[in-house]
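Report on the following structure.
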Amino acid sequence: MIMPNYMEKLLEGGRVEWKALGDVTLPTSNIRWRDTKGTYRYIDLTSVSREKNTIIETTEISAENAPSRAKKLVVKNDVIFATTRPTQQRLCMITEEFSGEVASTGYCILRAKKDEVLPKWIYHCITSSDFKNYVEENQSGSAYPAISDAKVKEFKIPTPPLKVQEEIVRILDAFTDLTAELISELTARKKQYTYYRDKLLTFEDGEVEWKVLGEVAKIFDSLHQTPRYSDHGLSMIRVTDIKGGFLNLEDTLKVSDEVFSIFTKKYLPQKYDLVMSRVGSYGNVSIVPSDSAVCMGQNTVVIHPLVNGKYLYYILLSNDVQSFIERNVGGGSQKTLSLKSIKEIPIPIVNETEQARIVSLLDKFDALASSITEGLPREIELRQKQYEYYRNMLLSFPKEEVEE
């Protein structure tokens, strides 16, 4: 445990100056595609995981196919921060693996002056609550909020002596390393669950009767109009609310009784109905948790099962069904899953006893992998809160020590 006088002892009378990020970082450069013949890995905005703060995927580009935003060269120990939708806090440090690659202009590149600040010190400072509040106050635009690189670099961070930075970074890294290990373990368990689920839901020819979704469920499309939302009222489910498992009605947008009645003219969702997204994150599935409590927003469908609803839910999540959806999605930049394609999803039907057995097994495994109140997810949440507490404490220096 870190004692209240820990920071005082650590500083030992050393000075803490507050400096703008622009004053403790170096200039960076852009790639000149016309002078380049090689290929590069492109770090787009979606390349960085918000959960892990690491690069999870890149695409290979060259001068012939490089997007217009692919310009910023990055090197090891750069800290990159996404300035588009900045409150999402999409950021990471560049590792040796991605040194010399190209990042989107949607990132602000923070390259530390290492005689003044450690790269990891910058990283921890811009994960802080103070930085997040600063971004919220200084971003512009409503539909597509953003903050400029110049504004990011105006944010002031404390700069104690390097030996103090090293000790605080060591402590904070211990928390983030533990969280990363737990996340990796949870990811491995989820992969194990997915493998087990798909194996359990893979059938040989002749073992099952194959039907299409339209034969084993009633399917209701949502209204194709934009609703008016209210500060309070009944829940409306949008595409972004469909994330697997039971719908979380507490976090949904609300609509008035009048709007609710309009959007339930086609169908009023019932408890244990399934909902599927059709646009954007198409093919996601969730379960309605209660009767008469929710209506469906645009680009969603309600699936009223005529077989075991939980069995159908697991089938729709399976690799075979998701592969079918990928093959049948249409549209250009806005990919859309048609109602016709949804109705034609192939569904293997086993007898009711076998459906119940499969559901029982997968429910148990799902509880182990996905519970939010116990096990690894709960442990990750606690460790993250612990990190945030100590980070905010260790980066909060007394105001009288701040020099403007």
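The values are calculated or read from the model by the stated rules, or taken from the named source; none is laboratory data. None of these values were measured; they are calculated from a predicted model. All Cβ positions, even for glycine, are placed from backbone atoms using ideal geometry, and neighbour counts span all protein chains on display. With ligands, DNA and RNA removed, areas are computed over all heavy atoms of the protein, side chains included. Shrake-Rupley method; radii C 1.70, N 1.55, O 1.52, S 1.80 Å.
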Ranked from highest to lowest mean number of other Cβ atoms within 10 Å per residue, what is the order of the peptides 132-140, 273-281, 42-50? 273-281, 42-50, 132-140
Among DSSP bridges having both ends in the chain, what percentage is antiparallel? Round to the nearest 5. 90 percent
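Could you tell me the calculated FRET efficiency between Ser148 and Glu381, based on Cβ-Cβ distance and R0 = 30 angstrom, to the nearest 0.05?
Details: r = 33 Å, r/R0 = 1.11.
Between Ser148 and Glu381 the formula returns 0.35.
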If Lys and Arg each add +1 and Asp and Glu each add -1, what is the summed charge of the other residues whose beta carbon sits under 10 Å from the beta carbon of Gln165? 0
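For the chain, what does the relative contact order come out to in percent, with C-alpha contacts under 8 Å and a separation of six or more?
Over the chain, the number comes to 16 percent.
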Evaluate the distance, in nm, between pseudo-label points positioned 7 Å from the Cα of Ser184 and of Gln89 along their respective Cα→Cβ axes. 2.2 nm
Considering only C-alpha atoms, what is the centroid distance from the stretch 27-81 to the stretch 148-213, in Å? 21 Å
Starting from the amide H of Ile345, placed 1.01 Å from N in the peptide plane, find each other amide H under 5 Å away whose residue is 5 or more places distant or on another chain. Leu213, Gly214
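At a 1.4 Å probe radius, which order do Arg197, Arg90, Arg32 fall into by accessible area, largest first?
Sorted by accessible area, descending: Arg32, Arg90, Arg197.
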Just check the stretch 260-319 against the gyration tensor rule for me: Cα atoms, a ≥ b ≥ c as the square roots of the eigenvalues, rounded for a/c under 1.5, and otherwise prolate or oblate depending on whether a/b exceeds b/c. oblate
Loop-resident sites, the stretch 164-240, for GluC sites (Glu not before Pro), counting at most 11 other Cβ within 10 Å (DSSP): Glu204, Glu207
Exposure of Val212 as accessible area (Å², to 10), given a probe of 1.4 Å and all protein chains: 50 Å²
For Phe220, net neighbour charge (Lys/Arg +1, Asp/Glu -1) across residues whose Cβ lies under 10 Å away: 0
Label selected from (1) -0.25, -0.35, -0.45, -0.86; (2) -0.33, -0.45, -0.58, -1.00; (3) -0.40, -0.51, -0.62, -0.95, the criterion being log10 I(q)/I(0) by the Debye sum over Cα atoms at q = 0.06, 0.07, 0.08, 0.11 Å⁻¹ as computed here: (2)
Assign one of three labels to the stretch 54-200, namely rounded, prolate or oblate, based on the Cα gyration tensor with a ≥ b ≥ c the square roots of its eigenvalues; rounded applies when a/c is under 1.5, prolate when it is not and a/b is larger than b/c, and oblate otherwise. oblate
Suppose accessible area is computed on protein heavy atoms with a 1.4 Å probe; arrange Trp18, Trp210, Trp121 from highest to lowest. Trp210, Trp18, Trp121
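Evaluate the relative contact order of the stretch 101-174 (contact order divided by residue number), counting alpha-carbon pairs under 8 angstrom at least 6 apart; express in whole percent.
Contact order relative to length: 36 percent.
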Give me the percent of the accessible area of the chain that comes from carbon and sulfur atoms, probe 1.4 Å, all protein chains in place. 49 percent
Would you tell me the accessible area of His224, worked out with a 1.4 angstrom probe on the heavy atoms of the protein chains, in Å² to the nearest 10? 120 Å²
How high is the relative contact order of the stretch 1-157, in percent, counting Cα pairs under 8 Å that sit 6 or more residues apart? 27 percent
Listed pairs Lys132/Lys385; Lys132/Lys254; Lys19/Lys71; Lys52/Lys190; Lys266/Lys335; Lys37/Lys153 exceeding 21 Å between Cα atoms: Lys132/Lys254; Lys19/Lys71; Lys266/Lys335; Lys37/Lys153
Roughly how many Å² of Asp23 are accessible to a 1.4 Å probe, to the nearest 10? 90 Å²
FRET efficiency, 1/(1 + (r/R0)^6) with R0 41 Å, evaluated for Leu200 and Lys340 via beta carbons: 0.90
Summed side-chain charge close to Asn30 - residues other than Asn30 whose Cβ falls under 9 Å, Lys, Arg +1, Asp, Glu -1: +3
Accessible area per residue, 1.4 Å probe, Å², for the chain: what's the number? 53 Å²
So what is the calculated 222 nm ellipticity per residue for the chain, using -39500 (n - 2.57) for each DSSP H run with n of 4 or more, over all residues, to the nearest 500 deg cm²/dmol? -10500 deg cm²/dmol
